[in-house]
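The values are calculated or read from the model by the stated rules, or taken from the named source; none is laboratory data. All of these numbers come straight from a predicted model, not from anything done at the bench. Cβ: placed from backbone, ideal geometry, glycine included. Neighbour counts: every protein chain shown.
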Amino acid sequence: MHFFRYRDGKLHCEDVDLARVADEFGTPLYVYSAGTILDHYTRLDAALAPLDHLICYAVKANSNRAILKLLGDAGAGFDIVSGGELYRVIAAGGDVGKCTFAGVGKSREEMEFALERGVYSFNVESEAELEYIDRIASTKNLRAPIALRANPDVDPHTHAYVSTGSRENKFGIALGELPSVYERAAKMRNIEIVGVQMHIGSQITEAGPFASAISKVTPLVRELKSKYGIMFFSIGGGMGIVYRRALESGSGKWWHNHGPACAGSAFSVRDYADAIVPPLRELGIRVLVEPGRFLVGNAGVLLTRVRYIKQTAEKKFAIVDAGMNDLIRPALYQSYHEIVPVKEPWPVAETDSFPSSKSRSMNKNMNKTEKIDIVGPVCESGDFFVLDREMPKLHEGDLLAIMSAGAYGFMMASNYNSRPLAAEALVRGDKFSLIRKRQTWEDLVRGEVEAEW
Ligand code: LLP
């Protein structure tokens, strides 16, 4: 469940009118709901209660320090993939002893930093990496705690770019090869075997793939437990969220079915727990999960303002002030994001889920929709958020909320077209606060130096 709702015709995040936040900090602006993040964390934590478990938040989904602090304070560990992410966790006061360090290409500096700080585990993705960690740990006279990443070869039924647990992917080590790699690891002086890990992909919207990956890896977990006394089995992240609602255009009902209050999680925490808890419980081992999107995805919106309306012979465009550099998901993954006006186009009483005939006739002339492309200012045709989307009539100056942008939104932003990075704000109850300043033009050239010849 998330806390974005229309109240008195204005889109609120928790108890804060989003238009106020945009007025104060400008647009494009990412706004996150602390209450939503904590609600998701608490519900997942409760569902996993029958297991000895640790939720390691996948920092890559949203690494703003304020978000890390929120989750760290709630008890989360962290799944990190770079020295930079570890640096952030430390800066946010997170517990390094609850960090797992994943990624196929860790550098020497990153390994040294993580070893010195004492991460819980290195999730190792190849034999070459294992040898390298052993060497680095020996120069420091330390033992590196490791888990090998298993590639269970299952199809998670998700976008090809975010599918990671099948044979063709660069991730992990094939199940058949793992026992011999563990044997090698056991002989390495500066390696300590502590666990086994997997992650089959992201935005997975059914429980089946998780269950089948677990059942494939279970025999190995038992073997590793008895042979090496491993302490944990990390089943990775990947729980999907709802980005999309079916469109019912042409009636007052459209808005109710289409509005932001509908977004939730793709399959419930309960479905997820029902599928994974029983087989994991039998293993009698600590279970780690690495959710990113599930915790923060529906907890964030990108606010953007319509700059111009452009009508061509073929199409109508709303040109907004956010671009693909701010949110690249539609361009990169053809992903769907709900977009709604912050000022409700045809407000209906909150309790009126099926508008009465009276309110329907009152709204008859107001609730017309039209097809429009919502595009950014970047010089690429791929710079769009939606194409031919049925929307309430938009005007210049309208403030829009691009929903479900809390995960992999700001994180994947760039300075393309020399556009300063957007600001970020956090809402909690009736308070809101800036958690990242908008970049300035000066920021864009900071760090660039004249060639010396
Ligand atoms: N653990 C590992 C090892 C991962 O590689 C990932 C995500 C996660 C956990 C967290 O997955 P989540 O729970 O968030 O699905 N940029 C893409 C998503 C890339 C995911 C990469 N790995 C997007 O915008 O959809």
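Looking at the structure I just gave you, is Tyr30 under 18 Å from the mean Cα position of the chain (by Cα), modelled with pLDDT of 95 or more and within 21 Å of Ser234 (Cα to Cα)? Answer is no for this residue. If a residue counts only when it is in contact with a strand residue (DSSP E or B) (Cβ under 6 Å, 6 or more places away or on another chain), which strands (runs of 3 or more DSSP E) contained entirely in the range 1-109 have at least 3 such residues? Qualifying strands (runs of 3 or more DSSP E): 10-13, 29-33, 53-58, 77-80, 99-101.
Among the residues making up the range 375-410, a single one is crowded, with 23+ Cβ neighbours inside 10 Å, within 16 Å of the ligand (Cβ to nearest atom) and more than 18 Å from Ser33 (Cα to Cα): Phe385. Can you tell me which residue in the range 118-137 is farthest from Asn151 (Cα to Cα), limited to those that are of a type in the set (A, V, I, L, M) and outside any helix (DSSP H, G or I)? Here the answer is Val119.
Would you confirm, using the coordinates I've provided, whether Lys343 is at pLDDT 95 or above and away from the ligand (no atom under 16 Å from the Cβ)?
Details: at pLDDT 95 or above: yes; away from the ligand (no atom under 16 Å from the Cβ): yes.
Here the answer is yes, as Lys343 does meet what is asked.
Are any of the residues in the range 86-98 within 14 Å of the ligand (Cβ to nearest atom), under 24 Å from Tyr57 (Cα atoms) and touching a Leu at 6+ places or on another chain (Cβ under 9 Å)? No: zero hits. Of the numbered criteria (1) surrounded by fewer than 19 Cβ atoms within 10 Å (Cβ to Cβ); (2) at pLDDT 95 or above, the one Val81 fails is (1). Just so you know, in the range 180-228 the residues that are over 21 Å from Phe122 (Cβ atoms) and of a type in the set (Val, Ile, Thr) include one that is surrounded by the fewest Cβ atoms within 10 Å (Cβ to Cβ), and it is Thr218.
Is it the case, given these coordinates, that His53 is within 16 Å of the ligand (Cβ to nearest atom), in contact (Cβ under 8 Å) with a residue 60 or more places away in the chain and surrounded by fewer than 20 Cβ atoms within 10 Å (Cβ to Cβ)?
yes
With respect to Phe233, determine if the residue is part of a helix (DSSP H, G or I), modelled with pLDDT of 95 or more and within 16 Å of the ligand (Cβ to nearest atom). So Phe233 does not fit the description; no. Quick one: would you say Tyr161 is assigned to a helix (DSSP H, G or I), aromatic (Phe, Trp, Tyr) and either at pLDDT below 95 or more than 16 Å from the ligand (Cβ to nearest atom) (or both)? Yes: the conditions hold for Tyr161.
Looking at the range 265-336, the strands (runs of 3 or more DSSP E) lying wholly inside it that each contain 3 or more residues that are within 17 Å of the chain's Cα centre (by Cα) and within 16 Å of the ligand (Cβ to nearest atom) sit at 300-311. Evaluate the following for Leu115: is it away from the ligand (no atom under 12 Å from the Cβ), buried (at least 17 other Cβ atoms within 10 Å of the Cβ), in a loop (DSSP other than H, G, I, E, B) and of a type outside the set (D, E, K, R)? The answer is no for Leu115. Condition check: of a type in the set (Ser, Thr, Tyr) and either on the phi > 0 side of the Ramachandran plot or within 13 Å of the ligand (Cβ to nearest atom) (or both). Does Ser63 satisfy that? So Ser63 passes the test. Taking the stated definitions as given, is Lys69 in contact with a Leu (Cβ under 9 Å, 6 or more places away or on another chain), among the basic types (Lys, Arg) and at negative phi? It is false that Lys69 is in contact with a Leu (Cβ under 9 Å, 6 or more places away or on another chain), among the basic types (Lys, Arg) and at negative phi.
Table: residues versus (1) under 29 Å from Ala137 (Cβ atoms); (2) away from the ligand (no atom under 16 Å from the Cβ); (3) without any contact (Cβ under 8 Å) to a residue 60 or more places away in the chain; (4) among the charged types (D, E, K, R).
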site	(1), (2), (3), (4)
Gly195	yes, no, no, no
Ser202	no, no, no, no
Leu220	yes, yes, no, no
Leu224	yes, yes, yes, no
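Hey, does the range 52-64 have a residue that's closer than 14 Å to Val89 by Cβ, outside the structural domain of Ala422 (by TED's automatic domain parsing), in contact with a helix residue (DSSP H, G or I) (Cβ under 7 Å, 6 or more places away or on another chain) and of a type in the set (D, E, K, R)? Within the range 52-64, one or more residues are closer than 14 Å to Val89 by Cβ, outside the structural domain of Ala422 (by TED's automatic domain parsing), in contact with a helix residue (DSSP H, G or I) (Cβ under 7 Å, 6 or more places away or on another chain) and of a type in the set (D, E, K, R).
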